[in-house]
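Trainee: Sending over a structure as structure tokens; questions will come in a sec.
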Amino acid sequence: MPTRSPAGGATRAPGTVGIRVEGIERDFEGFKALGGIDLAIQPGELVALLGPSGSGKTTLLRIIAGLEFATAGSVFFGTEDATHLSVQERRVGFVFQHYALFKHLTVADNIAYGLSVRPRGERPSKAAIKRRVEELIDLVQLNELGGRYPAQLSGGQRQRVALARALAVEPRVLLLDEPFGALDAKVRKDLRRWLRDIHERTGHTTVFVTHDQDEALELADRVAILSKGVLEQVGTPDDIYENPASPFVLSFLGDTVALPVEVRAGRVLLAGDVLDVAPAAGTTDGRHTIYLRPNELALSAPGAGIPGIVVSLRRTVNGRRAEVRVAFSDALIEVEVPTDYPLNVSDRVGLKLQKARLFPA
């Protein structure tokens, strides 16, 4: 996992503020979309709101933006109570998943739109708007495309225009709702690096919504994980991956296999056999569940580690992948195996634990 400073080492943009939400609730006709969210985001920090569909992450982002209002709770931009301010008064830049570009306007005119429609007394001069647009076209690497229309651009280029338009108004905070959701995997990966680079160069306080775990871990300074309207855990990518606060967080951040075990006198037993894993200090005796990640397991000879049997072998780019049925259960777990490792279907093997996590049953 990448390690970063709290705000990524970015130079803070002028006017950038931190965001604080306190006790945010949102009800929709009896359905509680958010159940009391407390979250503080530092000025210049890039935070991912991560969770499955229906977890409340987009609702929280829209409440921060002022596109929706909370049933209860408060939103602060810096020291200012923004709870009842409009979108315009909050001065946010918002990037939608599907770009929301004006089809009849050129790239340059789309970027300039937010500045050109300001009230006359607040509107920059045409020369100043032109300079700002040129700066942003250069920033998002769309040089020589300013005269094109959205239909003449790729999906990745359209999303760059959408971000430039959001930055044109010099927002206090930048909010992105699944910004890469409509793009293919290769373009998404390229744009992740590009967005992180833009953040380092501009230093805006940035909040983005995603359901893609890799995206959140790669991009964010901190990740806030939501489930069913509740904030499960907030931390750096390293922290939430290595020290998940709940079985939900652990399982959501990658493939896992859960096995019922018993803790007795400081030992972990699976079907009566003692596992080579020590429970954390303070773990009480009784029934627990042990969670295993495939990348934290290694194959060994039978009799060492958790017993299993190979049910399939598949070739991968880096080697082979063995699917192992864990003894005493119906659980299947996939383990990467070097091509020269002697292994066949139906072989009995051991699964050696390099790391495992226990939670009460």
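Trainee: Among THR339, ALA108, THR236, which residue has its Cα positioned farthest towards the positive end of the charge dipole of the chain, with +1 placed on the Cβ of Lys and Arg, -1 on the Cβ of Asp and Glu, and the dipole taken about the Cα centre?
Mentor: Projecting each Cα onto the dipole axis, the largest value belongs to ALA108.
Trainee: Tell me the accessible surface of SER125 in square angstrom (1.4 angstrom probe, heavy atoms of protein chains only), to the nearest ten.
Mentor: 70 Å²
Trainee: If you don't mind, there's one more thing I want to ask. To the nearest 10 Å², what's TYR149's accessible area with a 1.4 Å probe?
Mentor: Roll a 1.4 Å probe over it and TYR149 shows about 90 Å².
Trainee: On to the next question. Under a Cβ-only charge scheme (Lys and Arg +1, Asp and Glu -1), can you give me the dipole magnitude of the chain about the Cα centre, in debye to the nearest 20?
Mentor: 980 debye
Trainee: Putting +1 on Lys and Arg Cβ atoms and -1 on Asp and Glu Cβ atoms, find which of THR206, LEU297, LEU253 reaches farthest to the positive end of the dipole of the chain.
Mentor: THR206
Trainee: Find how much the distance from ASP276 to ALA245 grows on full extension, using 0.36 nm per residue of separation minus their present alpha carbon separation; answer in nm with one decimal.
Mentor: Net length gain for the segment: 8.9 nm.
Trainee: Separate question: Which net charge results for the neighbourhood of ARG320, defined as the other residues with beta-carbon distances under 12 angstrom from its beta-carbon, given Lys and Arg at +1 and Asp and Glu at -1? Kindly include the intermediate steps, with their values, before the conclusion.
Mentor: Details: positive: ARG314, ARG315, ARG321; negative: GLU323, GLU334, GLU336, ASP340.
For residues surrounding ARG320, the net value is -1.
Trainee: Any idea what the dipole of region 221-284 comes to, in debye rounded to 20, about its Cα centre with Lys/Arg Cβ at +1 and Asp/Glu Cβ at -1?
Mentor: 260 debye
Trainee: Can I ask one more? For LYS189, put the label point 7 Å out on the Cα→Cβ axis and report which residues of region 208-228 keep their amide N under 18 Å from it.
Mentor: 212-220
Trainee: For Cα extents along the principal axes in Å, which listed value, [x] 65, 63, 47; [y] 61, 44, 40; [z] 79, 46, 39, comes from the coordinates shown?
Mentor: [z]
Trainee: Quick one: with all protein chains in place, what share of the accessible area of the chain is carbon or sulfur, to the nearest percent (1.4 Å probe)? Before the final figure, lay out the partial values.
Mentor: Values: 8760 of 17380 Å².
The C+S portion of the solvent-accessible surface of the chain is 50 percent.
Trainee: Quick one: among LEU351, LEU226, LEU163, which has the greatest mean-square fluctuation in a GNM of the chain with alpha-carbon springs under 10 angstrom?
Mentor: LEU351
Trainee: Accessible surface of ILE137 in the full protein assembly, 1.4 angstrom probe, to the nearest 10 Å²?
Mentor: 20 Å²
Trainee: With an 8 Å Cα cut-off and a minimum separation of 6 or more residues, compute the relative contact order for the chain in percent.
Mentor: So the answer I get is 18 percent.
Trainee: In addition: Please determine, in degrees from 0 to 90 and to the nearest 10, the orientation of helix 107-116 with respect to the longest principal axis defined by the Cα atoms of the chain, where the helix direction is its Cα long axis.
Mentor: Roughly 70 degrees between the two axes.
Trainee: Sticking with the crude label model, points 7 Å out along Cα→Cβ, report the distance from SER300 to HIS104 in nm, one decimal please.
Mentor: According to this spin-label approximation, the distance is 7.1 nm.
Trainee: Which net charge results when you count Lys and Arg as +1 and Asp and Glu as -1 among the other residues whose beta-carbon is under 14 Å from that of ALA70?
Mentor: Overall, the nearby charge balance is -1.
Trainee: Work through the residues other than ALA151 whose Cβ is under 13 Å from its Cβ and net out their charges, Lys, Arg +1 and Asp, Glu -1.
Mentor: +3
The values are calculated or read from the model by the stated rules, or taken from the named source; none is laboratory data. Small disclaimer: the values here were computed from a predicted structure and weren't measured. Cβ: placed from backbone, ideal geometry, glycine included. Neighbour counts: every protein chain shown. Side chains included, ligands, DNA and RNA excluded: accessible areas come from the protein's heavy atoms. Shrake-Rupley method; radii C 1.70, N 1.55, O 1.52, S 1.80 Å.
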